[in-house]
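Read the structure below first, then the notes.
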Amino acid sequence: MVGSLTVCAADEVAEGHAVMATTTAFGEDQPLIIVKWHGTIRAFRNWCPHMGTPLDWEPGKVWNYDRTQLMCATHGAVFEPDTGLCTRGPCRGQRLHGWQVDIVDGMIVVAAG
């Protein structure tokens with residue numbers, strides 16, 4: 001796949017946990033959050049649409065306390081882990097930028113762009 005990043009083995013991403021990665025797209029580094037939600041692996045840009053800050057409050061810590069939503073550490077915006085939609089907080093109604101994810105030979109591959 002042209003313009004892609006192999007992140008890790010799919011079985012390394014546990015339900016309710018996150019793996020962080022960085023790829024280059026649009027001429028700059030793009031920090032990514034890779035999560036598994038209800039068995040499906042998704043990738044989002046680690047960038048809150050409200051202030052443009054990373055979501056994690058500590059490296060790789062992007063889930064709320066009960067691991068049901070992604071949460072921005074800066075102002076507490078809460079995002080659905082399956083769609084990236086902000087359901088609570090200062091950017092309600094906006095979305096995290098999602099990236100295409102494919103599983104190739106058991107590895108997570110994220111498409112650039």
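Since every read-out is calculated from the coordinates, none of them should be taken as a lab result. In this text, all values refer to a predicted model and were calculated from it rather than measured experimentally. Glycine gets a Cβ as well: all are built from the backbone with ideal geometry, and neighbour counts include every protein chain shown.
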Inset, instruction - For His17 paired with Thr68, estimate the spin-label separation in nm (one decimal), with each label point 7 Å from Cα along the Cα-to-Cβ line. - result: 2.2
Legend entry - At 1.002 mPa s and 20 °C, Stokes D of the stretch 4-111 from Kirkwood alpha-carbon radius, µm² per second: 157
Legend entry - Extension gain from Asp102 to Glu28, taking 0.36 nm per residue of separation minus the Cα-Cα distance: 24.4 nm
Legend entry - Within the stretch 52-80, backbone nitrogen closer than 12 Å to the virtual label 7 Å beyond the Cα of Cys8 toward Cβ: 60-61
Legend entry - Relative contact order (%) - criterion: Cα under 8 Å, at least six apart; region: the chain: 28
